[in-house]
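See structure below.
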Amino acid sequence: MSSTPRTAAAAALQEGEAPRERIKVTKVVDGEVVEEWIEVAASDDAPRWQAREDLRLLDSDLRRVDGPAKVTGRARYTHDVRLPGMKYGRLVRCPYPAARCTVDVDSATALPGVRVVLTIDDGETRYLGQPVAAVAADTPELAEDAVRALAVRFEELPWAVTRDQALAEDAAPVGRDGNVADVRTDGDLDAAEAALATCDATVEATYEVPVQHHVCLETHGVVVDYRGGDEATIYASTQWTHVVHRERLPERLGLEGSQVESVVEYMGGGFGSKFPTGIEGRMACELSRELGAPVHMMLTRRDEFLLAGNRSGTHQTVRAGATADGKLRAMVSEVDKLGGIGRGSHPGLPYVYDVETSHLRIRSVLTNLDSNRAMRAPGHPQASFAMESTVDELAHQLGIDGLEFRKRNLASLVYHRQLDAVAEAVGWADHPNKVGPDTSDSEVKTGIGFGVSTWGTRGRPACVVTVRIGPDGAVTVLSGTQDLGTGTRTYVAAIVAEELALPLDAVEARIGHSSYGAANGSGGSTTVPCLAPAVKDAAHKARVAVLARVAEVLGADPARLALHRGQVIHLERPDERLGWAEACSALGADGLTTTGEWVASLTDAGVHGAQAARVQVDTLTGQVKLEKIACMQDCGLPLNRLAVRSQINGAIVEALSYGLFEERVVDPDLGVMLNACLGDYKIAGCADIPEIVAMIDDEDTRGPIGIGEPPIIPTHSAIANAIFNACGVRLRSMPLSCDKILDGLVANGTWAGGEA
Amino acid sequence: MTERRVEEERRGFSRRAFLQGAGGVAAASSLTEAVHAAQDPASEVQRMRGPEEVELRVNGGTLPATVEPRTTLLDALRHRVDPPLTGTKLVCGEGACGACTVLVDGRPMYACMLLAADVVGREIRTVEGLADGDGLSPVQEAFCEKDGLMCGFCTPGFLMSATGLLERKPDADAEEVRRALSGNFCRCGTQPHIFEAVAEAGRRLREGGR
């Protein structure tokens with residue numbers, strides 16, 4: 001590997017100072033990505049990723065190392081933890097959006113097998129389903145009995161569960177300062193209005209996006225292993241192993257942080273909702289402390305829908321215009337974020353596309369429903385729906401096809417090549433109706449739509465990674481990170497194996513224990529950019545250290561030694577080589593341990609992504625059949641190509657489900673959620689999945705960048721545009737369901753059933 | 001001032017609440033009696049009055065378990081056998097997601113929708129029974145190779161549905177695979193790779209794998 005000195009670092013060295021450089025990093029605060037500048041050491045001998053052609057493991061398809069544990073049922077999730085004397089905890093929820101409540105504890109503790117009932121903030125509740133008590137019993141069934149038996153007196157208070165209710169003049173107060181919060185404006189309204197007046201084509205529309213639920217298959221929860229005494233283990237289904245300490249759960253047990261180990265070996269999906277251990281974590285600790293026994297506290301599926309977070313809904317009103325040559329000139333938008341008692345998420349409009357002059361007013365409208373939480377690219381899919389629809393509406397008015405119009409308004413040529421790639425993948429060149437709807441005689445119309453995405457996260461110093469090499473050559477890498485299913489454990493092992501020229505199975509990756517070292521939570525696609533550099537750094541130091549020790553023993557110059565295919569070789573004397581285990585015997589009885597930290601030059605920031613959807617719309621039934629969805633995504637160095645494709649597939653599946661099916665339904669008169677179960681909250685199943693073409697943009701030669709988020713941003717938008725391209729019905733509210741399509745066909749006079 | 005008992009299931013009309021509301025054990029027995037009678041006219045119908053020790057035939061062995069009349073097969077596997085068989089997952093508890101799919105006499109069934117007492121004597125296979133020692137079954141092997149899993153929580157259910165299909169019909173085509181798996185949800189979005197894995201497993205089984 002070459003080691004060209006960095007100019008800034010070299011200059012600093014000449015002046016005799018420790019070299020420093022200022023870099024911009026991002027972190028996730030309450031689900032929002034926040035940027036900040038920090039100073040880091042600039043090192044001239046920093047590790048570097050090998051050239052792509054020299055990589056054996058990274059940048060190829062790797063089987064995930066924990067696959068066998070997961071396919072045999074051996075992988076133990078929090079939900080599966082069983083401990084001697086363990087009690088089962090459950091929460092008791094308030095059935096009103098707002099109420100005053102009084103709990104009669106004795107009504108449940110009278111039941112045999114019910115061990116304890118604790119009240120939670122006895123007083124007023126602020127959102128539908130807010131827990132008011134927690135119970136613990138000998139079995140899950142008895143805990144459920146206790147929930148049923150517990151008598152709670154509720155006095156219903158005024159509430160608002162919809163945007164209209166919250167904005168009404170006589171609205172019930174949701175927040176302390178009213179029902180509108182965080183009002184922000186951006187841009188010059190007068191200039192935007194003036195620009196709008198000069199446009200050749202304009203659109204004025206309201207785009208509505210409902211609340212989506214995360215639907216993690218493993219519900220939120222923890223198992224607290226506390227049996228009195230001065231230590232405890234907390235197993236948590238979380239996307240941040242260290243959150244247990246950050247939320248000070250040890251204090252709830254009367255323990256110091258150092259006396260508590262948190263464990264996240266396997267977890268069944270988070271998607272942004274599992275940063276906090278939440279009220280269930282807190283109450284599990286309090287129940288456990290009260291009983292001096294382990295407590296298993298996993299939310300029920302209904303709890304999950306009512307109190308474990310969601311993707312905020314959005315109400316977006318847009319007025320936008322373009323010039324006859326297809327350039328976006330003006331956009332005036334008003335965005336209401338609907339995150340229950342939370343503030344909602346939205347990156348603002350315009351989104352991704354260049355618009356000459358714009359004005360934005362954005363605010364949060366509060367309702368008595370549980371707070372939104374981060375969900376895969378918080379706010380971006382909502383913004384994408386309004387932006388991509390607007391773009392498409394203007395393109396159609398101007399008679400320009402969707403692909404060409406997009407290119408005219410996207411400065412980055414990366415988008416151009418990605419759009420061309422996905423267009424080719426869905427058969428755009430041969431598509432007969434590029435500009436207008438399908439006018440063929442067939443009742444089933446075909447359409448193609450596009451969408452683009454962006455994501456930005458750079459890593460930051462957050463992880464400390466340890467590599468241990470035993471005198472027998474055993475290699476272990478330890479990190480307090482967690483694997484949400486993205487394949488973290490596998491690339492942690494692969495980075496080390498690559499550096500040490502060993503096969504993948506020669507390295508054991510141990511993760512998911514707080515004692516394994518500092519690590520960030522997995523959110524904002526920051527796991528790879530924070531963790532991979534630290535793993536690489538630790539592995540690099542291990543390689544240097546092994547070669548130095550072996551060189552001592554051999555009396556050789558370490559610079560003339562190298563690791564190659566499980567052997568230490570001498571560059572000039574190729575016959576002199578040592579097997580890995582033999583070489584490691586030179587390390588002495590203790591072996592060696594290195595620690596790695598974040599290295600700025602080992603990662604990068606800012607990705608693009610383009611998607612195209614090809615759909616069929618039955619103009620008799622309004623049914624949409626997805627034929628094919630193609631995505632091209634840049635991600636810097638793909639650490640595991642197979643896992644990257646899985647991530648892209650997964651994002652597209654979750655987004656097409658969002659687009660076509662998902663919606664939290666709350667009755668505005670009764671204030672109850674009508675579909676708080678998986679039988680009624682529809683998500684995509686196997687029959688709904690089209691052919692998905694997941695392409696990695698290999699023209700991107702940067703270091704590895706996380707891409708959990710970006711491919712989930714534009715899929716539903718591309719589908720909405722494809723539906724319009726097929727049948728001429730513009731859907732401005734999600735989900736993109738067949739009843740809305742039928743209404744549109746009838747209104748347009750194009751329903752295949754004739755006159756309605 | 002209104003008073004309302006906080007109830008978990010009554011609002012949602014769950015099967016369990018229905019059984020309890022409708023006289024509990026008697027209702028459960030009369031429903032299942034009919035099923036048993038239809039499937040096996042010679043079977044002896046036994047009524048349960050409370051917790052009872054039963055023997056479940058699981059993965060080729062016999063496991064004692066103390067079950068209540070309301071105990072589902074899923075709860076029995078996860079909580080009432082020793083050691084607990086936690087590979088089978090609880091996700092929805094109402095027969096909507098397929099995470100608890102097991103094979104009962106070779107057919108994929110939702111363990112959350114079966115009462116443990118009703119499957120006494122029937123042959124149950126769970127994800128723990130697929131591998132032969134360290135040797136993965138062709139379906140398990142293909143899931144690993146094609147990355148047909150991410151968080152892994154839906155994986156046992158998908159494996160059992162796929163195994164049930166391929167043991168019956170190793171030459172199932174893509175459409176049949178999709179249909180056979182349509183009772184299973186995956187939220188990570190592994191379906192495209194699962195389809196590839198099941199196709200690959202079918203190929204191996206036809207070529208004489210286990």
Checklist entry - Based on what the data block shows, is A:THR457 more than 24 Å from A:LYS327 (Cβ to Cβ), outside any helix (DSSP H, G or I) and touching a Gly at 6+ places or on another chain (Cβ under 9 Å)? => result yes
Next on the checklist: Scan segment A:521-536 and tell me whether some residue there is of a type in the set (Gly, Ala, Ser), in the same structural domain as A:VAL467 (by TED's automatic domain parsing) and more than 23 Å from the chain's Cα centre (by Cα).
Outcome noted: no
Next on the checklist: Which pairs turn up if I take residues in segment A:424-439 that are closer than 22 Å to A:THR619 by Cα and assigned by TED's automatic domain parsing to the domain that holds A:HIS396 and look for partners that are at pLDDT below 95 and part of a loop (DSSP other than H, G, I, E, B) with beta carbon separation below 7 Å, at least 6 apart in sequence or on another chain?
Outcome noted: A:ASN433/A:THR439
Checklist entry - If you take the residues of segment A:133-157 that are of a type in the set (Gly, Ala, Ser) and touching a Leu at 6+ places or on another chain (Cβ under 7 Å), which of them is farthest from the other protein chains (Cβ to nearest Cβ)? => result A:ALA136
Checklist entry - Taking the stated definitions as given, is A:ASP537 within 14 Å of chain B (Cβ to nearest Cβ) and either outside any helix (DSSP H, G or I) or touching a Leu at 6+ places or on another chain (Cβ under 9 Å) (or both)? => result no
Checklist entry - What single numbered condition from (1) within 30 Å of A:TRP751 (Cβ to Cβ); (2) buried (at least 22 other Cβ atoms within 10 Å of the Cβ); (3) hydrophobic (A, V, I, L, M, F, W, C) fails to hold for A:ALA497? => result (1)
Item to check | segment A:291-319, residues that are over 30 Å from the mean Cα position of the chain (by Cα) and closer than 18 Å to A:LEU142 by Cα | outcome: A:LEU291, A:ALA293, A:PRO294
Checklist outcome for this item: In segment B:127-159, residues that are touching a strand residue (DSSP E or B) at 6+ places or on another chain (Cβ under 9 Å), within 7 Å of chain A (Cβ to nearest Cβ) and either in contact (Cβ under 8 Å) with a residue 40 or more places away in the chain or of a type outside the set (A, V, I, L, M) (or both) total 3
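In this structure, does A:MET331 turn out to be farther than 30 Å from A:LEU678 by Cα and crowded, with 21+ Cβ neighbours inside 10 Å?
For A:MET331, the condition - farther than 30 Å from A:LEU678 by Cα and crowded, with 21+ Cβ neighbours inside 10 Å - is met.
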Next on the checklist: Just to check your reading of the model, which residue among A:ASN721, A:ASN649 is over 28 Å from A:ALA605 (Cα atoms) and either among the hydrophobic types (A, V, I, L, M, F, W, C) or in the same structural domain as A:HIS431 (by TED's automatic domain parsing) (or both)?
Outcome noted: A:ASN721
Next on the checklist: It is to be established whether one or more residues within segment B:196-205 are facing another protein chain (nearest Cβ under 10 Å) and surrounded by fewer than 24 Cβ atoms within 10 Å (Cβ to Cβ).
Outcome noted: no
Item to check | When residues of segment A:500-519 are limited to those that are crowded, with 24+ Cβ neighbours inside 10 Å and assigned to a strand (DSSP E or B), the one farthest from the other protein chains (Cβ to nearest Cβ) | outcome: A:VAL507
Item to check | All strands (runs of 3 or more DSSP E) inside segment A:545-631 with 2 or more residues being closer than 30 Å to A:PRO704 by Cβ and among the aliphatic types (A, V, I, L, M) | outcome: A:561-564, A:567-570, A:607-618
Checklist entry - Do we have any residue at all in segment A:631-646 that's under 18 Å from the mean Cα position of the chain (by Cα) and surrounded by fewer than 21 Cβ atoms within 10 Å (Cβ to Cβ)? => result no
Item to check | When residues of segment B:50-97 are limited to those that are more than 20 Å from B:ARG187 (Cβ to Cβ) and polar (S, T, N, Q), the one farthest from the other protein chains (Cβ to nearest Cβ) | outcome: B:THR62
Item to check | Residues that are farther than 30 Å from A:GLY636 by Cβ, more than 8 Å from chain B (Cβ to nearest Cβ), in a loop (DSSP other than H, G, I, E, B) and within 23 Å of the chain's Cα centre (by Cα), drawn from segment A:46-102 | outcome: none
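Determine, yes or no, whether A:VAL116 is within 30 Å of A:LEU83 (Cβ to Cβ) and away from chain B (no Cβ under 14 Å).
When the stated conditions are applied, A:VAL116 passes them.
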Checklist entry - Are any residues in segment A:578-616 of a type outside the set (A, V, I, L, M), over 30 Å from A:ASP697 (Cβ atoms), out of contact with any Pro (no Cβ under 7 Å at 6 or more places or on another chain) and buried (at least 19 other Cβ atoms within 10 Å of the Cβ), and if so, which ones? => result A:TRP580, A:THR594
Checklist entry - Checking B:GLU128 against (1) over 20 Å from B:VAL91 (Cα atoms); (2) surrounded by fewer than 20 Cβ atoms within 10 Å (Cβ to Cβ); (3) at pLDDT 95 or above, which single condition isn't satisfied? => result (1)
Checklist entry - Restricting to segment A:240-268, what's the tally of residues that are assigned to a loop (DSSP other than H, G, I, E, B) and away from chain B (no Cβ under 14 Å)? => result 9
Checklist entry - If B:GLU44 satisfies every condition in (1) more than 11 Å from chain A (Cβ to nearest Cβ); (2) modelled with pLDDT under 95; (3) surrounded by 15 or more Cβ atoms within 10 Å (Cβ to Cβ) but one, which is the exception? => result (3)
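This table checks each residue for (1) over 21 Å from A:THR162 (Cα atoms); (2) in the same structural domain as A:ALA133 (by TED's automatic domain parsing); (3) not aliphatic (A, V, I, L, M).
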| site | (1), (2), (3) |
| --- | --- |
| A:LEU307 | no, no, no |
| A:LYS327 | yes, no, yes |
| A:VAL332 | yes, no, no |
| A:GLY342 | no, no, yes |
| A:PRO347 | yes, no, yes |
| A:VAL365 | no, no, no |
Next on the checklist: For a quick check of your reading: which strands (runs of 3 or more DSSP E) sit entirely within segment A:172-236 and have at least 1 residues that are away from chain B (no Cβ under 14 Å), on the phi < 0 side of the Ramachandran plot and more than 34 Å from the chain's Cα centre (by Cα)?
Outcome noted: A:201-209
Checklist outcome for this item: Subset of segment B:173-183, residues surrounded by fewer than 24 Cβ atoms within 10 Å (Cβ to Cβ) and either outside any helix (DSSP H, G or I) or small (Gly, Ala, Ser) (or both), comes to B:ASP173, B:ALA174, B:ALA180, B:SER182, B:GLY183
Next on the checklist: One residue is enough: does segment A:398-409 have a residue meeting the conditions basic (Lys, Arg), surrounded by 22 or more Cβ atoms within 10 Å (Cβ to Cβ) and within 25 Å of A:ARG664 (Cα to Cα)?
Outcome noted: no
Checklist entry - Only one of these conditions is not met by B:PRO170: (1) of a type outside the set (Asp, Glu); (2) assigned to a loop (DSSP other than H, G, I, E, B); (3) facing chain A (nearest Cβ under 8 Å). Which number is it? => result (3)
Next on the checklist: Can you tell me which residue is surrounded by the most Cβ atoms within 10 Å (Cβ to Cβ) among those in segment A:474-494 that are in a helix (DSSP H, G or I) and out of contact with any strand residue (DSSP E or B) (no Cβ under 6 Å at 6 or more places or on another chain)?
Outcome noted: A:TYR491
Next on the checklist: Please list, ordered by residue number, the strands (runs of 3 or more DSSP E) wholly in segment A:269-374 having 3 or more residues that are modelled with pLDDT under 95 and of a type in the set (D, E, K, R).
Outcome noted: none
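The values are calculated or read from the model by the stated rules, or taken from the named source; none is laboratory data. These numbers were taken from a predicted model, which means no experiment stands behind them. Using ideal geometry, Cβ is built from the backbone for each residue, glycine included, and neighbour counts are taken over all protein chains shown.
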